[in-house]
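The values are calculated or read from the model by the stated rules, or taken from the named source; none is laboratory data. Computed from a predicted model, the values in this text were never measured in an experiment. Here the Cβ positions follow ideal geometry from the backbone for every residue, glycine too, while neighbour counts run over all protein chains shown.
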Amino acid sequence: MHLWTSERDSSRIAPGETGAPISVRRIMREATRFDHQDVDHLFSTLDLRDPVSYRIFLTIHHTALSTLGARWRAEDRDDFSALLHCLVDDLQALGDLVTVPRAAQRQRAYSIRQWGVAYVIRGSRLGGAVLRQRVPSGYPASYLTYAPTLSWPEFLKRLEQETRATDRLAHTHMIRGAKQAFETFKHAAVGFGLGQ
């Protein structure tokens, strides 16, 4: 079961006077490939047709997104808050008593890393659309069907435009943010016994 559906590489290496710079998208994907695989492996143990497994799936996502709230870019706040509301609605429809967490104070030091966090969360929407097909029609699924106002292609375009000129240190921070986001999902999954 793949939450973060592997995207085909449609990015091209742009020629330059001193060489061929690699797209930021490719840098991020290659740097987080194994993190992506680890999280997908953990979630592969869940059968979304089973109501208990589905509830665990949603709860893990609620836990992870709530934890990452302090690392959202301001530009992502509306979409990601809506995702949390969808999670709460679905969990409440399944009988769980959960609420949208109080907004966390954002930390300016994570400005570059926040791009990495956004890369992971927005990328998960691709897998969500695929997973929806495996969830019985009677189950609440507003989280899996939520379509962000900023589409994945639009986000990738902005990622390239706003971060391509940054130096290697900035890319390192962005990768670190993405790895921390994957690790947050992994930690939440392990907390529910997945992978054990």
- Search the range 144-172 for residues that are under 28 Å from Ile60 (Cβ atoms) and pair each with any residue that is assigned to a helix (DSSP H, G or I) and of a type in the set (Phe, Trp, Tyr) when their beta-carbon atoms are under 9 Å apart and the residues are at least 6 apart or on different chains. Pro148/Phe80; Pro148/Phe155; Phe155/Tyr119; Leu156/Tyr119; Leu159/Trp115; Leu159/Tyr119
- Message: Can you pull out every residue in the range 121-143 that is surrounded by fewer than 18 Cβ atoms within 10 Å (Cβ to Cβ), in contact (Cβ under 8 Å) with a residue 40 or more places away in the chain and of a type in the set (Lys, Arg)?
- Response: Arg134
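On the basis of being out of contact with any Leu (no Cβ under 9 Å at 6 or more places or on another chain), surrounded by fewer than 22 Cβ atoms within 10 Å (Cβ to Cβ) and not acidic (Asp, Glu), does Ala74 make the cut? Working first, answer last.
Details: out of contact with any Leu (no Cβ under 9 Å at 6 or more places or on another chain): yes; surrounded by fewer than 22 Cβ atoms within 10 Å (Cβ to Cβ): yes; not acidic (Asp, Glu): yes.
It is true that Ala74 is out of contact with any Leu (no Cβ under 9 Å at 6 or more places or on another chain), surrounded by fewer than 22 Cβ atoms within 10 Å (Cβ to Cβ) and not acidic (Asp, Glu).
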- Item | Pro140 being over 16 Å from the mean Cα position of the chain (by Cα) and modelled with pLDDT of 95 or more | yes
- Can you name every residue in the range 30-46 that is of a type in the set (S, T, N, Q), touching a residue at least 60 places away in the same chain (Cβ under 8 Å) and either surrounded by fewer than 17 Cβ atoms within 10 Å (Cβ to Cβ) or in a helix (DSSP H, G or I) (or both)? Thr45
